[in-house]
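Everything below concerns the one structure shown next.
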Amino acid sequence: MELNQYEKVVIAHYSRDAVCEEIARFSDKRWVAIHCQTIDKSGRPYLLRYKRKGKSRIPLKIESSEDVKKLLERFRKVYPRAFYASANVYRKLESQEDVKTFENIVYCLPTWDIDNELEKWEATIEAAKEIVSFLQRYGIEKSIFLKWSGNGMHVHVHHQSISKELLNKIHPLDLAYSIVEYVNTKLQARFFEIAQKHNATKLRVENKMDIQRVFTCPLSLHRSLNTVAVCIPPDKLDEFTPEWVSSEKYVHWKGWNGYVEGEANEMAVMAYKTIGGYPYTRFPKPTKKSKRLDEMILKWLSKE
């Protein structure tokens with residue numbers, strides 16, 4: 001994309017206050033990533049996750065709408081385009097070690113990543129409806145929001161819908177991973193039926209919850225398509241059309257941040273009992289659960 005085209009599309013989009021405000025709202029206390037248009041030596045677009053301060057690398061973060069504009073200016077030479085923020089919410093983001101420490105994670109956003117082709121968008125919507133319906137059967141009603149991003153959709157359960165009491169017993173990433181995996185296991189056959197029905201050969205519903213996972217910010221541009229990541233309330237899924245994600249006339253739900261604390265507890269407990277916690281460790285956990293602690297957690301869960 002030439003400079004004048006970049007300014008016409010990208011700079012014009014992020015010059016809107018409403019866009020920067022939504023990105024900042026989603027990014028609060030999250031680790032930010034920026035996808036750029038400039039290609040690196042390996043042939044991939046730059047993905048920025050840190051800024052340099054002396055010899056230190058500081059995780060990117062956005063605390064206000066002005067920070068969005070400052071980051072665009074700071075990295076303008078590599079043409080920033082798409083904004084992402086981590087599934088994890090952190091206590092602090094002041095050093096590189098902060099994003100490697102499990103104990104620094106306060107919350108984690110359970111998210112289903114529905115990947116597909118834009119042309120097969122109806123299959124994506126149907127898969128999302130299956131997930132929403134399943135969650136609602138477990139009492140999760142007011143803490144669900146959906147976000148269309150590029151060729152697919154993210155189904156989110158608000159991180160604060162899991163009570164602090166439960167999060168004090170079980171790590172947030174363990175719960176987020178098990179919730180997503182539990183639902184996917186139960187709905188796998190149904191997803192296959194939807195793919196066959198729509199001849200959607202690229203439809204995938206994946207569990208991508210991990211220690212460094214990021215998801216597209218609301219109202220961010222897509223990394224390559226001229227589309228906008230818009231949020232959709234669960235009861236409006238039947239009304240959705242691809243026109244909603246147009247960079248010129250997008251339709252976005254600003255009420256995506258609603259939740260009821262504890263609403264997801266039943267699902268979280270069921271999932272954790274069935275699946276167990278996050279099974280991979282890109283970075284080692286600071287302390288390993290002892291057998292005694294595991295027994296205490298399971299005993300506590302059995303009282304739910």
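Coordinate-derived values only; no laboratory data. These figures come from a predicted structure and were not determined experimentally. Cβ coordinates were reconstructed from backbone atoms using ideal geometry, including for glycine residues, and neighbour counts include every protein chain displayed.
Pairs exceeding a 31 Å alpha-carbon distance, out of 92/142; 77/249; 197/273; 186/236: 197/273. Each peptide in 41-51, 173-183 was scored by the mean count of other Cβ atoms within 10 Å over its residues; highest first, the order is 173-183, 41-51. Taking every C-alpha pair closer than 8 Å and separated by at least 6 residues, the mean separation divided by the residue count of the chain gives a relative contact order of 21 percent.
Taking max minus min of the alpha-carbon positions on each principal axis, region 221-260 gives extents of 35, 20, 14 Å, largest first. Within the listed set 98, 67, 235, the residue fluctuating most in the Gaussian network model of the chain (springs between alpha-carbon atoms under 10 angstrom) is 235.
Using a cut-off of 11 Å between beta-carbons, work out the net charge of the residues near residue 201 (Lys and Arg +1, Asp and Glu -1, residue 201 not included). Spelling it out: positives minus negatives among the neighbours equals +2.
Each of 148, 31, 121 has some number of other Cβ atoms within 10 Å of its Cβ, and from fewest to most they run 121, 31, 148. The alpha-carbon of residue 55 sits under 17 angstrom from the alpha-carbons of these aspartates and glutamates, leaving out residues fewer than 8 places away in its chain: 94, 97, 98.
A simple packing score, the average count of other Cβ atoms within 10 Å per residue, orders the peptides 70-81, 204-215 as 204-215, 70-81, with the highest score first.
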